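Novice: This structure is in structure tokens; I'll ask about it shortly.
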Ligand SMILES: *Cc1c(COP(=O)(O)O)cnc(C)c1O
């Protein structure tokens, strides 16, 4: 028995027939025929699904063939366009994980281009004219900036945590507060990473309160580590208490004395802090939200500290571990260090970023993340005013209400969750079109997508994360939206 819908399916063209269309024949000059055949097959499948679902009907086989060719060409062109592309970040979230976290400093971009294009001293020591180590390029700088004896950088901080636990707590106990068993996002959960590393997790305290005595009671002959995890993206406020590094140091020292173990030696209890975002400078402009620096954590008594390269540090994706030569030496020899090693481009970017920290004042200007976070609200407001003026000129009369409004920005990247950063945004209210259709247009239809925020039927463009050049990109995108909304009547309707 045939239904009207199955009748429709007979109109679907064969893949071979679709490939004979002139549009697809033309694409054969620049694309493999098998890829085009896949595109044709997918476009045919899509139309089949829509016909079956009754979402679409075709008057005749010609209409079906045209639809499939159009779909196949769109798919083929999508293959040619980069998937990973630049976007304009108008969200006000400075370290935006979905948008690539930290924009690199110009010096880092240059360094990447230089080593990427040709050969490099990645594992070649020019002084001895012999084989060198890729770890050397950043180790000296990290040590100079943190006061550490030794350092190693790997793929990201999640890898660093995994490596430290695996080397020092495998099949032994690591004591951690229940208030610090956090999920950072993107499926990184401290309990899971501990299990994966082979470390035995010994939880102490409660979600909101953990005391020194809780750690002391948990000590056992198999204890290898007191682990402190920065809660990054959340805070327990109110009736809360946690144990700081100096106190953890005292507990570890007392236990080590009982064991007759030297600090940091084999069989000793280590104090390890996963700082998460980590920072090399005291970010005084953040006021009371400023976090201890890596150097301060070491001075307070940590044997090891790990932190990210692309959060508040403002460099490439990386995870850095600092500590004594003996402990870091063991990490360097761990096979995970090989599996999680950085490539030359990340090393180049990290080295260049770290070098900027040698001049702390300059770093606030030359490292984009620090520049955006530290920029005075007044300067952000001036940029918002410029964007508002540019938009008023770009957008046709009677389409939108454009004003500058005070807002709150966030550091993002799981850093400084309670730190409200005063900022200014341009608010676009709609007389034609609407916020949803505008947002969709800005993201889906622009070569360089503009990611903004919707609030109360308006689109907000936060000037804190917009560069001067971005302003014109935003204005052009919004103008294009209203031009389309103008010709299509009321867009979004
Ligand atoms: C972000 C974070 C991590 C993971 O760091 P990545 O560099 O993203 O891998 C681990 N621990 C804490 C506390 C974090 O905030």
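The numbers here are math on the coordinates, done by the rules we state, and not lab data. Predicted model, so just to flag it, every value in this text is computed and none were measured. Please note: Cβ atoms are built from the backbone with ideal geometry, for glycine as well, and neighbour counts cover all protein chains shown.
Novice: Tell me the mean residue ellipticity at 222 nm calculated for the chain from its helices only (DSSP H runs of n ≥ 4, each -39500 (n - 2.57), averaged over every residue, nearest 500).
Specialist: Counting only the DSSP helices, I get -13500 deg cm²/dmol.
Novice: OK, next. Any idea how far the Cα center of region 1-37 sits from the one of region 422-463, in Å?
Specialist: 38 Å
Novice: For Cα pairs less than 8 Å apart in space and 6+ apart in sequence, what is the mean separation divided by the residue count of region 106-366, i.e. the relative contact order in percent?
Specialist: Over region 106-366, the number comes to 27 percent.
Novice: For the chain, what proportion of DSSP beta bridges, expressed in % and rounded to the nearest 5, is antiparallel?
Specialist: Bridges in the chain are about 60 percent antiparallel.
Novice: Sort 187, 300, 308, 268 by Cβ crowding within 10 Å, fewest neighbours at the top.
Specialist: 187, 300, 268, 308
Novice: If all Cα-Cα distances of region 106-366 are sorted into 10 Å bins from 0 onward, what percent lands in each bin, rounded to whole numbers?
Specialist: With 10 Å bins starting at 0, P(r) equals 7, 31, 35, 20, 7, 1, 0.
Novice: Turning to a different aspect of this structure: With a 10 Å Cβ neighbour count serving as the proxy for reagent exposure, in which order, fewest first, do 312, 364 appear?
Specialist: 364, 312
Novice: Using alpha carbons only, how many angstrom separate the centre of region 326-357 from the centre of region 105-158?
Specialist: Spelled out, the Cα-based centre of one part sits 7 Å from the other.
Novice: Based on the Cβ-Cβ distance of residue 126 and residue 359, what FRET efficiency does E = 1/(1 + (r/R0)^6) give at R0 = 25 Å, to the nearest 0.05?
Specialist: Taking R0 as 25 Å, the efficiency between residue 126 and residue 359 is 0.50.
Novice: State the extension gain, in nm to one decimal, for the chain segment bounded by residue 469 and residue 240, taking 0.36 nm per residue of separation less the distance between their alpha-carbons.
Specialist: Stretched out fully, the residue 469 to residue 240 stretch lengthens by 77.9 nm.
Novice: Same structure again: Taking Cα atoms, how many degrees apart are the long axis of helix 61-80 and the longest axis of the chain, rounded to 10 and kept between 0 and 90?
Specialist: 30 degrees
Novice: Evaluate E = 1/(1 + (r/R0)^6) for residue 208 and residue 136, where r is the Cβ-Cβ distance and R0 equals 51 Å; express this FRET efficiency to the nearest 0.05.
Specialist: 0.70
Novice: Still on this structure, I have one more. What's the angle, to the nearest 10 degrees (0 to 90), between helix 136-146's Cα axis and the longest principal axis of the chain?
Specialist: Compared with the principal axis, the helix lies near 70 degrees.
Novice: So, one more: Between residue 377 and residue 389, 0.36 nm times their residue separation minus their Cα-Cα distance comes to what?
Specialist: Stretched out fully, the residue 377 to residue 389 stretch lengthens by 2.5 nm.
Novice: Here's another thing I want to ask about it. Can you give the angle from 0 to 90° between the axis of helix 468-487 and the longest principal axis of the chain, with both taken from C-alpha atoms, to the nearest 10?
Specialist: The helix 468-487 is inclined about 30 degrees to the chain.
Novice: Could you give the length gained on full extension between residue 53 and residue 397, defined as 0.36 nm per residue of separation minus the Cα-Cα distance, in nm?
Specialist: Taking residue 53 through residue 397 to full extension adds about 119.6 nm, to one decimal.
Novice: With contacts defined as alpha carbon pairs under 8 Å and 6 or more residues apart, what's the relative contact order of the chain in percent?
Specialist: The value is 18 percent.
Novice: Order of 168-179, 121-132, 14-25 by packing, highest average Cβ count within 10 Å first?
Specialist: The packing order, highest mean first, is 168-179, 14-25, 121-132.
Novice: Now a separate question. Taking R0 as 22 Å, what FRET efficiency do you get between residue 86 and residue 338 from their Cβ-Cβ distance, rounded to the nearest 0.05?
Specialist: Using R0 = 22 Å, I get an efficiency of 0.10.
Novice: Could you list 267, 38 so that the one with the fewest beta carbons within 10 Å of its beta carbon is first and the one with the most is last?
Specialist: 267, 38
Novice: Give the separation of the Cα centroids, region 63-90 to region 251-291, in Å.
Specialist: Measuring centre to centre over Cα atoms gives 51 Å.
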